[in-house]
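J.: Just passing along the structure, written as C-alpha cells.
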Amino acid sequence: MAQGRFQVGDVVKLKSGGPEMTVEASLEEYESYRCQWFAGKKLESGVFPDAGLEPASVKPPIPAPGAGRAGK
C-alpha cells in the first residue's frame, strides 16, 4: 500500500456494516487503518484492514445562510 486510499479524518465504514468511523491513523506497513467511532457516549477504536473498509456516504455540508440566492 504505497499510498493509502484513506486519509486521517476520512469517514469510513466496514463493508460488512456497522457504524461510521473516522480514520485516526494509517498503518501502511500492515495495510490497515486505526479508526474510532462512538458507541453511545463511549469512544471506541480498532484496527481494520484496507480491504474491509469503504468510504461512508457523508451528508453534504449545510450551506451558509443566504448562500445560493442568486440576485439577492
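J.: Return the pairs, sorted by first residue and then second, in which the second residue is among the β-branched types (Val, Ile, Thr), the first residue lies in region 31-44 and is within 15 Å of VAL8 (Cβ to Cβ), the beta carbons are less than 6 Å apart, and the residues are 6+ apart or on different chains.
T.: SER32/VAL47; TYR33/VAL23; ARG34/VAL47; CYS35/VAL23; GLN36/THR22
J.: Within region 47-64, track down each residue that is without any contact (Cβ under 8 Å) to a residue 24 or more places away in the chain and touching a strand residue (DSSP E or B) at 6+ places or on another chain (Cβ under 6 Å).
T.: Scanning region 47-64 gives VAL47, PRO49.
J.: Being part of a strand (DSSP E or B) and not basic (Lys, Arg) is the filter here; which residues of region 26-40 pass it? Lay out the reasoning, then the answer.
T.: So in region 26-40, the residues part of a strand (DSSP E or B) come out as 26-27, 32-39.
Those that are part of a strand (DSSP E or B) and not basic (Lys, Arg): SER26, LEU27, SER32, TYR33, CYS35, GLN36, TRP37, PHE38, ALA39.
J.: So, in region 13-30, of the ones that are charged (D, E, K, R) and at pLDDT 95 or above, which residue ends up farthest from ALA56 (Cα to Cα)? Spell out the reasoning first.
T.: Here is the first cut: in region 13-30, the ones charged (D, E, K, R) are 13, 15, 20, 24, 28-29.
Keeping just the survivors that are at pLDDT 95 or above gives 13, 15, 20, 24.
Working: LYS13: 5, LYS15: 10, GLU20: 6, GLU24: 15 Å.
Checked region 13-30; the qualifying residue farthest from ALA56 (Cα to Cα) is GLU24.
J.: Something else now. On the basis of being assigned to a strand (DSSP E or B) and either in contact with a His (Cβ under 6 Å, 6 or more places away or on another chain) or not polar (S, T, N, Q) (or both), does GLY17 make the cut? Talk me through it step by step, then tell me what you get.
T.: Working: assigned to a strand (DSSP E or B): no; either in contact with a His (Cβ under 6 Å, 6 or more places away or on another chain) or not polar (S, T, N, Q) (or both): yes.
No.
J.: Which of the residues belonging to region 48-61 are hydrophobic (A, V, I, L, M, F, W, C) and at pLDDT 75 or above?
T.: In the first step, residues of region 48-61 are kept if they are hydrophobic (A, V, I, L, M, F, W, C); the result is 48, 51, 53, 56, 58.
Selection gives PHE48, ALA51, LEU53, ALA56.
J.: Considering only residues that are out of contact with any Gly (no Cβ under 7 Å at 6 or more places or on another chain) and in a strand (DSSP E or B), look in region 3-14 and name the one that is nearest to PRO55 (Cα to Cα). If you could, list the steps in order and put the result at the bottom.
T.: Going residue by residue through region 3-14, those that are out of contact with any Gly (no Cβ under 7 Å at 6 or more places or on another chain) are 3-13.
Still in the running and in a strand (DSSP E or B): 11-13.
Details: VAL11: 6, VAL12: 4, LYS13: 6 Å.
Among those residues, the one meeting the criterion is VAL12.
The values are calculated or read from the model by the stated rules, or taken from the named source; none is laboratory data. Being a predicted model, the structure only gives us computed values, none of them experimental. Every residue, glycine as well, gets a Cβ built from its backbone with ideal geometry; the counts of neighbours run over all protein chains shown.
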